Ligand SMILES: [Zn+2]
């Protein structure tokens with residue numbers, strides 16, 4: 001099957017930042033066959049006239065907890081919510097069915113906003129993988145390893161055994177990469193941080209965890225080890241090119257140097273970090289050192305929207321303000337953090353993140369007919385400063401058209417919402433225990 005998309009404003013996001021104002025992209029099967037300016041030189045089974053719409057690579061969300069849809073809008077403004085109600089409520093009330101239907105709902109939301117690849121960390125990841133398989137997206141799915149009992153393990157660190165079965169079950173899937181990940185620097189013992197890392201090495205996967213995110217985490221490491229969490233990870237030998245540090249709000253200059261030297265990457269979640277008042281991570285210092293940085297929405301409980309457009313806009317506003325520099329991070333560089341740089345941060349830059357022949361056919365079309373999209377002198381500016389998720393008209397992942405005319409082609413959102421709601425009764429009842437804070 002060969003699909004030809006013509007008359008598109010193609011932003012390839014390749015290293016030269018090639019753009020075609022009236023360009024074409026040819027999809028053959030699940031891959032990109034050819035791109036260029038003008039009409040397509042080849043025929044195809046299907047021709048699509050983009051009518052000047054922007055065509056960009058499928059966006060890459062490098063940090064989320066997608067099954068957490070049932071928690072959205074619960075205790076958003078509650079101080080220390082992770083320890084006061086998220087951890088206990090998760091342990092009491094999250095079930096495989098909630099994870100399956102919550103994941104599918106969150107994936108529908110991501111697809112509708114142009115995200116085709118995401119990195120998830122949660123529990124019952126087997127159900128998240130089932131949902132990802134159905135949704136047609138690309139998922140790097142991590143079973144969480146943590147030093148406390150959880151909804152899917154009666155003993156601390158049960159995620160490690162669960163995770164190994166999970167990895168073996170899903171290994172080799174064309175769109176799903178199974179893995180294990182410690183929850184955070186301070187919620188797993190040093191021994192289990194290393195054990196989890198060893199499993200990631202064994203199965204040659206990424207190693208990701210929350211790091212340098214919490215004030216109390218920084219204090220604990222200073223008091224217990226006289227080191228920052230970054231230096232401590234290095235001390236354990238697990239700050240490496242396979243390491244993706246999520247958040248990194250409180251990094252010192254020495255932490256940044258060390259991270260760059262070790263070849264580790266960063267998942268930056270500007271929306272959830274600033275919503276929580278935690279601070280603005282030093283991304284300027286990361287990028288200037290060549291550290292790969294990708295944007296993450298974080299979970300629907302902490303970041304609320306699963307839209308990269310929200311991250312683009314917040315990223316521009318916060319980083320320009322924090323550095324008092326309007327010219328810092330041009331729109332095209334911000335779009336890179338959600339596409340090609342995000343792919344580099346998760347080690348998938350040879351397969352996704354740009355529109356180039358031989359890469360996966362993960363594409364997003366953003367229409368320019370809506371009221372907020374006219375005029376458009378600079379398509380990158382339009383994506384960062386004007387566009388909304390409602391402007392996403394078509395989405396392809398692995399060559400499959402998953403969104404057309406702004407509507408899901410293979411998932412029934414009303415049915416998913418209904419099934420999720422049916423499964424939320426017990427969860428809502430149990431959440432009442434925390435009614436004074438949520
Ligand atoms: Zn997170």
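The values are calculated or read from the model by the stated rules, or taken from the named source; none is laboratory data. In this text the structure is predicted, and so the values were computed from the model without any measurement. Cβ sites come from the backbone with ideal geometry, for glycine too, and all protein chains shown count toward neighbours.
Rundown of residues vs (1) buried (at least 24 other Cβ atoms within 10 Å of the Cβ); (2) within 16 Å of the ligand (Cβ to nearest atom); (3) within 30 Å of residue 111 (Cα to Cα), yes/no style:
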residue	(1), (2), (3)
229	yes, yes, no
248	yes, yes, yes
258	no, no, no
261	no, no, no
288	no, no, no
301	no, yes, yes
311	yes, yes, yes
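Within the range 1-86, considering only strands (runs of 3 or more DSSP E) that don't extend past its boundaries, which have at least 3 residues that are exposed (fewer than 14 other Cβ atoms within 10 Å of the Cβ) and within 16 Å of the ligand (Cβ to nearest atom)? Quick ask: steps written out before the conclusion?
Details: elements: 2-11, 19-28, 31-37, 46-49, 54-57, 59-64.
Passing ranges: none, list empty.
Could you list all residues from the range 377-420 that are under 19 Å from residue 336 (Cβ atoms), more than 20 Å from the chain's Cα centre (by Cα) and outside any helix (DSSP H, G or I)?
The answer is 378, and nothing else.
For the condition in contact with a helix residue (DSSP H, G or I) (Cβ under 8 Å, 6 or more places away or on another chain) and under 17 Å from residue 207 (Cα atoms), what is the one hit in 179, 137? Can you show your working first?
Working: 137 fails: under 17 Å from residue 207 (Cα atoms).
After applying the criteria, what remains is 179.
For residue 238, work out the one condition from (1) surrounded by fewer than 23 Cβ atoms within 10 Å (Cβ to Cβ); (2) touching a helix residue (DSSP H, G or I) at 6+ places or on another chain (Cβ under 7 Å); (3) part of a loop (DSSP other than H, G, I, E, B) it doesn't fulfil.
Here residue 238 clears every test but (1).
Have a look at 162, 100 and point out the one that is under 18 Å from residue 419 (Cβ atoms) and modelled with pLDDT of 95 or more. Full working, then the answer.
Working: 162 fails: under 18 Å from residue 419 (Cβ atoms).
Answer to the check: 100.
Out of everything in the range 193-216 that is outside any strand (DSSP E or B) and touching a helix residue (DSSP H, G or I) at 6+ places or on another chain (Cβ under 6 Å), what residue ends up being farthest from the ligand (Cβ to nearest atom)?
First, pick out the residues of the range 193-216 that are outside any strand (DSSP E or B): 193-206, 212-216.
Next cut, touching a helix residue (DSSP H, G or I) at 6+ places or on another chain (Cβ under 6 Å) only: 203, 212.
Numbers: 203: 22, 212: 13 Å.
Among those residues, the one meeting the criterion is 203.
In this structure, does residue 271 turn out to be more than 16 Å from the ligand (Cβ to nearest atom) and either more than 22 Å from residue 206 (Cβ to Cβ) or out of contact with any strand residue (DSSP E or B) (no Cβ under 8 Å at 6 or more places or on another chain) (or both)? Write out each step before concluding.
On the way: more than 16 Å from the ligand (Cβ to nearest atom): no; either more than 22 Å from residue 206 (Cβ to Cβ) or out of contact with any strand residue (DSSP E or B) (no Cβ under 8 Å at 6 or more places or on another chain) (or both): yes.
Criteria not met by residue 271.
Please state which one of 189, 212 is at positive phi and modelled with pLDDT of 95 or more. So that I can check it myself, show each step before the final result.
On the way: 189 fails: at positive phi.
Only one candidate passes the filter, namely 212.
Can you confirm whether residue 405 is in contact with a strand residue (DSSP E or B) (Cβ under 9 Å, 6 or more places away or on another chain) and touching a residue at least 12 places away in the same chain (Cβ under 8 Å)?
Working: in contact with a strand residue (DSSP E or B) (Cβ under 9 Å, 6 or more places away or on another chain): yes; touching a residue at least 12 places away in the same chain (Cβ under 8 Å): yes.
Yes; evaluated as a whole, the condition is true for this residue.
Identify the single condition in (1) touching a helix residue (DSSP H, G or I) at 6+ places or on another chain (Cβ under 9 Å); (2) within 16 Å of the ligand (Cβ to nearest atom); (3) assigned to a helix (DSSP H, G or I) that residue 318 does not satisfy, given that it satisfies every other one.
Every condition holds for residue 318 apart from (2).
Tell me which residues, restricted to the range 159-192, are in contact with a strand residue (DSSP E or B) (Cβ under 7 Å, 6 or more places away or on another chain) and without any contact (Cβ under 8 Å) to a residue 40 or more places away in the chain.
Hits for the range 159-192 are 159, 160, 162, 163, 167, 171, 177, 179, 180, 182, 184.
Name the residues in the range 330-343 that are more than 26 Å from residue 102 (Cα to Cα) and either surrounded by fewer than 22 Cβ atoms within 10 Å (Cβ to Cβ) or within 16 Å of the ligand (Cβ to nearest atom) (or both), would you?
Of everything in the range 330-343, those that are more than 26 Å from residue 102 (Cα to Cα) and either surrounded by fewer than 22 Cβ atoms within 10 Å (Cβ to Cβ) or within 16 Å of the ligand (Cβ to nearest atom) (or both) turn out to be 330, 331, 332, 333.
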